[in-house]
Structures are given as C-alpha cells and as structure tokens.
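The values are calculated or read from the model by the stated rules, or taken from the named source; none is laboratory data. Keep in mind the model is a prediction, meaning the values are calculated, not measured. Note: ideal-geometry Cβ built from the backbone for every residue, glycine included; neighbour counts use all protein chains shown.
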Amino acid sequence: MSGSSASYLFWILASSVGLSLYDLCKKSSVRGNSVFPTLFISTLSGWLALNVFLFATGNAQAPLAVGAKDVALLSVKSVIVAASWSATYFALKTMPITCAAPIRATGPLWTLIGAVILFSEIPGFLQAIGMALVMTGCFFFSHTSVKDSSSGGTKAVILAFTGTVLGSCSALYDKHLLQSMGLGTVTVLWWFLGGMCIIYAVAAAVSHRAFEWRASIPLVGILLVVSDACYFNAIATPDARISVLSLIRRSSIILTFFIGGAVFHETDMRRKALALAAILAGVALLCLFSS
C-alpha cells in the first residue's frame, strides 16, 4: 500500500467512526427531549468548533469573501438542511436508531433519482439493481417500524424518509454551490451552519417543550465538523477514489447499528440486520458504479 493510500484510508476511517459517534450522540441527545433547543445547541457547537479550527489554521477570513448573491444562495442551503435535520430529529425522538440510521443511509438512492430528474443522469444496470436493493431494505425497515408501537409508527417513518430526501436535495444543491458557483467547502459549511443557528434559535425561542441538558448535545455538532474535516482531508489526498471513500464513510452505519442496538436495548435485530445488508449492498453498487 502506498503512502498516499494509507493516508486517505486513515482519514476516511476516522471520518466513518466520527460519523457513527455523531449518530449515536444524536439519538442520546433527542430521545425524550425538546427538539429545537437540542438542534440549536448542537449546531452552534459545531459552528463554534469550525471557527476555532479556522482561527487555528489562520483562515478565519476565508468564509467572509462572498457577495450578497452568494449569501442568499447559502441561506437557501441553511433552510433545506434545517428542515432535513428537524425531520430527522423528530423521527429519532421515538424511532429506534437501528431503523432510523439505515433509512438515512439510503441517501444515495434519492440523490441519484434527483440527478436523473434534474441532470438527466440515467442509471446503469448495476445502479438499477442497487436502487432495487435499497428500496427492498427500506420496505422492511418501514414495515418493522410501523409495527413497533414504541417507535412512533407511520409518522416517525415518514419523518425519517422526509429528512433523508431533503438531505439528498441538499447534496444536489451542493453540486450547484461548489461547482457552478465555485464556492469553497469551508465557506459553504460556515455559512449554512451559521444560518441554521439563527433558524433554530428562533424555533427554540417559540418552543415551549421541556428541555433537558445532556453532555451529548454539544458533541453532536463537534463530531459532525470533525467527521467532515477528516472526509475533506481524505478527498484532498492524491490517488483518493471518491467512490471508495463514499462507500467506506457510509459503512459507519454498521457501527451505529450494532452499538446503538446494544446501548439503547433495541429489539428485532436479526430482521433489521438483513434489511441493513440489503441497503448496504445497494449503496455499494450506487457508489462504486456511479458515473
């Protein structure tokens, strides 16, 4: 294995572990808790962690080199992601993480469907098989969650899928911001997190739900920034293959699934594991054979 290969594998594995811990902290933070104050504190923590990183690397001024039009477009990104995270958190509040996290892993499917509609990117034969596998896994997870009276039922499933589809819309919008508009990744991250802090601050102010402080809440935002930073380092490494990196990063769902199932004492793990295997196989085909 070459030095560059070892380097990007280290960064992408670190990103995958960070993403898994991020998912577990999300579940711990929001379970039986008020959603919007939780989202505000976790998002603010991530934004502050990003600022510490920028100051430490001498790049604090980089995100500010944008025009009014760019700020408006980045504000749209904030609204999309804020809606996605809100739906996801409301689903996580009642849904078992062993159902919610795999549903979130279906993102590549919805992104591909959006790419077909918006950019006329027609899937190949193996991608079509991957889509079928993901849909099969989704069906089993939906069926299991709806049957589980403690999971929030149909409403939680709809919220989980809504959050995932909105996340894919955000990914498609990223293509416009990063490629068409030529904005930097740190600039996009700084502005959309900052915009979300404002959105969630307003939502938390008008929310009258009881809120309980938990140490896992600020860790959510911090772990997300750390995971994304490791991911960007992996992408920047020479000889890094984006399809392989995306696949390895999404393998974080395996850690989330089994650790979350044990920590939160969730049931029906065998049936869920089979559905998870179908989704992971489908995601693998979508990532490895993407055009």
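Can you tell me which of Ser42, Ser34 is hydroxyl-bearing (Ser, Thr, Tyr) and either closer than 19 Å to Gly194 by Cα or at pLDDT below 90 (or both)?
Unique residue meeting the criteria: Ser42.
Yes or no: Ser291 at pLDDT below 75, hydroxyl-bearing (Ser, Thr, Tyr) and not in a helix (DSSP H, G or I)?
yes
Just checking, which of Ile103, Ile122, Ile113, Ile117 is in contact (Cβ under 8 Å) with a residue 60 or more places away in the chain and either surrounded by fewer than 20 Cβ atoms within 10 Å (Cβ to Cβ) or part of a helix (DSSP H, G or I) (or both)?
Just one listed residue meets the conditions, Ile103.
For the stretch 199-211, check the following and say yes or no: at least one residue is crowded, with 19+ Cβ neighbours inside 10 Å and in a helix (DSSP H, G or I). Give the derivation first.
Residues of the stretch 199-211 that are crowded, with 19+ Cβ neighbours inside 10 Å, as a first pass: 199-200.
The next check asks that each one be in a helix (DSSP H, G or I); those that pass are 199-200.
Within the stretch 199-211, one or more residues are crowded, with 19+ Cβ neighbours inside 10 Å and in a helix (DSSP H, G or I).
For the structure I just gave you, tell me whether Lys147 is basic (Lys, Arg) and modelled with pLDDT of 80 or more.
Judged against the criteria, Lys147 is not a match.
State which residue pairs qualify: first residue free of Cβ contacts under 8 Å to residues at least 12 places away in the same chain and inside the stretch 169-197, second residue part of a helix (DSSP H, G or I) and surrounded by fewer than 19 Cβ atoms within 10 Å (Cβ to Cβ) in any location, beta carbons under 7 Å apart, and separation of 6 or more residues or different chains.
As it stands, the answer is Leu178/Thr185, since those pairs meet every condition given.
Output yes when any residue across the stretch 52-60 is surrounded by 18 or more Cβ atoms within 10 Å (Cβ to Cβ) and part of a helix (DSSP H, G or I), and no when none is.
no
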